[in-house]
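Contents: one structure, followed by commentary.
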Amino acid sequence: MTLKIGVIGTGAIGRDHIRRVTKSLAGAEIIAVTDVNQQAAEAVIEEFNLNATLYKDDVDLIQDSRIEAVFITSWGQAHESSVLKAIEAKKFVFCEKPLATTAEGCMRIVEAEMAYGTPLVQVGFMRRYDNGYKMLKEAIDQNTIGEPLMMHCAHRNAHVAERYSTDMAIHDTLIHEIDVLRWLINDDYVSAQVFYPRKTKHALPHLKDPQMVMLETESGVMINVEIFVNCTYGYDIQCEVVGEEGLLRLPDEAHIQVRKGGQIGKEIGMDWQERFAHAYDVEVQDFIDNVRDKGTVSGPTAWDGYIAAVTADACVKAQTSGVKEIIELAQCPDFYKKVKPAAR
Ligand code: NAI
Ligand code: NAD
Ligand code: ISE
């Protein structure tokens with residue numbers, strides 16, 4: 001039996017997930033799509049030759065009784081409303097990050113899911129499925145370098161679209177580090193501070209780029225993350241964990257080394273589609289298999305989405321205050337303590 005999926009938002013990542021479900025993964029089919037830009041949704045049906053219904057909005061799509069799971073790949077601001085409607089209709093949800101753009105919005109989702117009674121929502125924090133990050137986690141869990149003390153990270157995009165704003169460096173970009181770093185070291189954040197180095201000439205006037213974020217965890221680990229979204233040279237994700245006994249570094253993507261003309265060279269990918277292609281495949285297949293075969297979800301939860309949002313809110317506050325902002329999380333409900341996601 002194939003899992004019947006409806007997709008809300010057929011932009012860059014919506015199309016990419018539709019392609020992988022249709023062409024590379026097994027066990028699911030896209031039977032409905034919608035987008036506020038109806039032409040984009042229509043084009044995707046044509047591009048992938050889908051046998052899918054085009055709906056005018058998320059309300060109509062979610063009400064389609066054939067649909068068992070909803071992919072929410074619209075813009076971040078639109079996620080909360082679609083997730084809440086899907087939970088109300090008792091549908092499984094794969095929601096791209098951020099789960100919602102505010103902590104209050106995430107909490108409304110958490111409360112709706114708990115009221116339903118069993119987990120329905122998985123958040124698209126795909127780095128937990130990346131081989132490099134999985135190896136880092138295994139080494140940390142096995143105490144290979146003793147207790148982690150510091151982390152040095154960088155999140156670099158070659159370019160961003162004109163509508164990308166200074167706070168999106170947090171909500172849209174840093175949010176991946178916010179999720180994956182706490183997962184790596186089993187810790188939560190207590191404070192955040194943001195610094196602005198000299199601005200690059202490649203950023204538009206409205207955007208502050210690059211930015212440096214300092215995060216501090218409950219156990220005292222200090223983390224610095226560089227966010228640089230007009231670095232021009234490629235898509236580059238770095239993560240180094242310094243421990244009491246040694247250092248761990250996230251591997252780069254595998255590319256052949258070329259020795260030619262008196263030089264040693266290696267390609268750098270240009271975008272997230274390529275860098276995390278395998279992680280997206282594993283993540284989405286895991287969602288399909290769990291929903292279809294076990295009637296549950298097992299990836300990053302709505303609670304993880306909430307923690308990321310609270311942390312992001314503090315970082316956004318720190319962007320304008322310039323001082324260290326305190327991060328205060330609500331107590332994790334028993335409901336989420338019982339969920340044992342595969343990607344943990
Ligand atoms: P996009 O702008 O290419 O596509 C978004 C699409 O959603 C657009 O076609 C837009 O018309 C549609 N849309 C917006 N609001 C809608 C609504 N209320 N109902 C229906 N359609 C709506 O954006 P992109 O890059 O595909 O990002 C979408 C989401 O995916 C974002 O949440 C983003 O953070 C996330 N994302 C995640 C990535 C990852 O690595 N996990 C990578 C890129 C994006
Ligand atoms: P995009 O702008 O290319 O696509 C978004 C699409 O959603 C557009 O087609 C837009 O018309 C549509 N849309 C917006 N609001 C809608 C609504 N209310 N109902 C229906 N459609 C709506 O954006 P994108 O790059 O595909 O990003 C989409 C989401 O994916 C974002 O949340 C983004 O953060 C996330 N994302 C995640 C990753 C990742 O690495 N996990 C990478 C890229 C994007
Ligand atoms: C985008 O939405 C993503 O999620 C990418 O992974 C990230 O690198 C980029 O900065 C975001 O805009």
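The values are calculated or read from the model by the stated rules, or taken from the named source; none is laboratory data. Small disclaimer: the values here were computed from a predicted structure and weren't measured. Glycine also receives a Cβ, built like all others from the backbone with ideal geometry; neighbour counts cover every protein chain displayed. Remember, those area values only see protein heavy atoms, side chains included, never the ligands or the DNA or RNA. Shrake-Rupley method; radii C 1.70, N 1.55, O 1.52, S 1.80 Å.
Just order 144-154, 209-219 by mean Cβ neighbour count inside 10 Å, highest at the front, would you?
Values: 144-154: 16.6, 209-219: 19.2.
Those peptides, ordered most packed to least, come out 209-219, 144-154.
With every protein chain present, what is the per residue accessible area of the chain (1.4 Å probe, Å²)?
On the way: 15740 Å² over 344 residues.
Heavy-atom SASA per residue in the chain reads 46 Å².
5 Å is the cut-off here: which amide hydrogens, built 1.01 Å from N in the peptide plane, fall below it relative to Ala28, excluding neighbours closer than 5 in sequence?
Leu3
Pairs of alpha-carbon atoms within less than 8 angstrom and 6+ residues apart define the contacts here; what relative contact order does the chain have, in percent?
Numbers: 682 pairs, mean separation 66.9, N = 344.
It rounds to 19 percent for the chain.
To the nearest 20 Debye, how big is the dipole of the stretch 142-197 about its Cα centre, given +1 on the beta carbon of each Lys and Arg and -1 on that of each Asp and Glu?
Details: 3 positive and 8 negative charges, 34 e Å.
So the dipole magnitude of the stretch 142-197 works out to roughly 160 debye.
In whole percent, how big is the carbon plus sulfur part of the accessible area of the chain, probe 1.4 Å, protein atoms only? Walk me through the numbers before you get to the answer.
Details: 8000 of 15740 Å².
Of the solvent-accessible surface of the chain, carbon and sulfur hold 51 percent.
Below 24 Å, Cα to Cα, which lysines can Lys337 reach? Residues fewer than 8 away in the same chain don't count.
Partners within reach: Lys90, Lys91, Lys97, Lys134, Lys137, Lys294.
Helix 38-47 against the longest principal axis of the chain: what's the angle in degrees, Cα atoms only, rounded to the nearest 10?
Once rounded, the angle reads 90 degrees.
Nearest 0.05, what FRET efficiency do Glu218 and Tyr196 give at R0 = 30 Å with Cβ-Cβ as r?
Working: r = 27 Å, r/R0 = 0.89.
It comes out at approximately 0.65.
So what J values fall out for the stretch 3-13 if you push phi through Karplus, 6.51 cos²θ - 1.76 cosθ + 1.60 with θ = phi - 60°, rounded to Hz, Gly and Pro as x?
Per residue, the Karplus-derived 3J(HN,Hα) values read 6, 8, 10, x, 10, 10, x, 10, x, 4, 7 Hz.
Does the stretch 237-344 classify as rounded, prolate or oblate by the C-alpha gyration tensor (a ≥ b ≥ c root eigenvalues; a/c under 1.5 gives rounded; else a/b over b/c gives prolate, otherwise oblate)? Please list the in-between numbers first.
Values: a/c = 2.30, a/b = 1.31, b/c = 1.76.
Oblate, because a/c is 1.5 or more while a/b does not exceed b/c.
Explain nothing, just the number: dipole magnitude of the stretch 198-344 about its Cα centre with +1 on each Lys and Arg Cβ and -1 on each Asp and Glu Cβ, in debye rounded to the nearest 20.
Working: 17 positive and 23 negative charges, 77 e Å.
Magnitude of the dipole: close to 360 debye.
Between the stretch 254-307 and the stretch 107-155, what is the separation of their alpha carbon centroids in Å?
One Cα centre to the other: 14 Å.
For the stretch 140-203, go through all pairs of different Cα atoms, get the mean of 1/r, take its inverse, and jot down that Kirkwood value in Å. Intermediate results must be reported in sequence, preceding the final value.
Numbers: mean 1/r = 0.0696 Å⁻¹.
So the Kirkwood estimate lands at 14.4 Å.
For the stretch 129-264, just run the numbers: alpha carbon Rg, then divide by 2.2 N^0.38 Å, N being how many residues it has. Walk me through the intermediate numbers first.
On the way: Rg = 16.3 Å, N = 136, 2.2 N^0.38 = 14.2 Å.
Against the compact-globule rule of thumb, the ratio is 1.15.
At most 11 other Cβ atoms within 10 Å and a DSSP loop assignment: could you name the GluC sites (Glu not before Pro) in the stretch 275-344 that fit? All intermediate terms of the calculation are to be shown ahead of the outcome.
Values: sites: Glu283, Glu325, Glu328; in loops: Glu328.
When the GluC sites (Glu not before Pro) of the stretch 275-344 are filtered for loop state and at most 11 Cβ neighbours within 10 Å, Glu328 remain.
Return one number: the angle in degrees, 0 to 90 and rounded to the nearest 10, between the long axis of the Cα atoms of helix 175-185 and the longest principal axis of the Cα atoms of the chain.
On a 0 to 90 degree scale, this one is about 70.
In 5 Å bins starting at 0, how do the alpha-carbon pair distances of the stretch 201-282 split up by percent?
Distribution as computed: 3, 10, 14, 18, 18, 17, 13, 5, 1, 0, 0 percent.
What translational diffusion coefficient, in µm²/s and rounded to a whole number, does the Stokes-Einstein relation yield for the chain at 10 °C and a viscosity of 1.306 mPa s, taking the hydrodynamic radius as the Kirkwood radius over Cα pairs? Walk me through the numbers before you get to the answer.
Values: Rh = 20.9 Å.
Rounded, D is 76 µm²/s.
Taking amide H positions as placed 1.01 Å from N in the peptide plane, with prolines and chain starts having none, which residues 5 or more places from Thr53, or on another chain, fall under 5 Å of its amide H?
Ala32, Val33
Taking only Cα atoms, what is the 0 to 90° angle, nearest 10, from helix 103-116's long axis to the longest principal axis of the chain?
Once rounded, one gets 40 degrees.
Short version: ³J(HN,Hα) in whole Hz for each residue of the stretch 152-168, in order, from phi by Karplus 6.51 cos²θ - 1.76 cosθ + 1.60 (θ = phi - 60°), x for Gly and Pro, what are they?
Once θ is set to phi - 60°, the couplings for the stretch 152-168 become 10, 10, 9, 10, 10, 10, 5, 8, 10, 6, 4, 6, 6, 10, 4, 6, 5 Hz.
With all pairs of different alpha carbon atoms counted, what Kirkwood hydrodynamic radius in Å does the stretch 1-63 show? Let's see the in-between values first.
Details: mean 1/r = 0.0877 Å⁻¹.
Kirkwood radius, the stretch 1-63: 11.4 Å.
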